[in-house]
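Read-outs: derived from the displayed coordinates by stated rules, not from any lab. The structure presented is a predicted model; accordingly, all values stated were derived computationally and were not measured. Note: ideal-geometry Cβ built from the backbone for every residue, glycine included; neighbour counts use all protein chains shown.
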Amino acid sequence: MGDAVGQGVEVITVRQTLPLALLIIIALSLLPAPGTAAVNLAVGMSASDVSLGEALLVAGIASFLGFDTTVVVHYHSDVRLPLSGVLTTLLFSRMLDADHHRLAAWRSQGRGWGQIAHDLGVHPGAFNKLRKGLDIGSMRDDDFERLVVVWTLSRYYGVGEDRVRGWQQAGTPLLGVLIALDLGAKSHRSVSDLLKARRSLHSWNAVADKVGVGKSARKRPQKPKGGQEFRGHASGATAGGGQGNAAGQGHGQGQSHGQGQGHGQGKGKAKGH
């Protein structure tokens, strides 16, 4: 009898707690998985293709926006931002004359781009360069970063955004589009021909070999065709935050390197960016 009562109590307890457990499981299943908000630029790409594409993208971001590559690597490897997030962070910094250290910190803490723009007091018209009438507050962060990547590839290589989106929609990841654009610029082959060659060869390195682009050259992007407005006022911000732009006093001209130390006897004043 006592055992029966005990069993009854146990059954009631399990039945009462089961709905709560189910609710917890359902709630957890609805939460976004870590990292899913980041743009996946390399869906389905092999490790060697990703390595080549990321090398081009890191150097390309630095070249397009006038930063040292150490800045890009720092935010990607140490701050753990995806490369699409690094690109957007540094583009924000240039477009809005904002501190990229603060932007990267906000983004790494999970603050969305719409919130960041609001916190900076940005006028909606500031993003007309990316798309006329763009309302960043109504966009998902991954959609906005994807737009930034497409826009950057278009400006960097001088092709229409619709063509970049078309290659992507046809099944080529954006990192693959980048490789094809860069190899095309170096080998004077069409992107369509290069994408066709990639389908018949085992890697983008094999395609590069076929069109005669050497191993070292294929990892260095072509010089950008656009984006001069972002590089005009800054010759290369560093990961440490120093940007030299002062002439030295004394013997010769002082050229600042990160901390603003002039050559000769002069000391240049460093302007942090």
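Listed values, structure above:
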| read-out | value |
| --- | --- |
| Given Lys129/Lys215; Lys132/Lys219; Lys196/Lys225; Lys196/Lys219; Lys132/Lys225, the pairs whose alpha carbons are separated by over 29 Å | Lys129/Lys215; Lys132/Lys219 |
| Per-peptide average of other Cβ atoms within 10 Å, ordering 161-168, 86-93 highest first | 86-93, 161-168 |
| Kirkwood-based shape ratio for the range 60-203, expressed as Rg/Rh from alpha carbons | 0.99 |
| Efficiency of FRET from Cβ geometry, Lys129 and Ser77, R₀ 25 Å, rounded to 0.05 | 0.30 |
| Descending Cα extents along the principal axes, the range 95-166, whole Å | 33, 23, 23 |
| Segments 58-70, 137-149 sorted - mean Cβ within 10 Å per residue, highest first | 58-70, 137-149 |
| In nm, spacing of pseudo-spin labels at Ser203 and Ala217 (7 Å Cα→C-beta vector) | 1.9 nm |
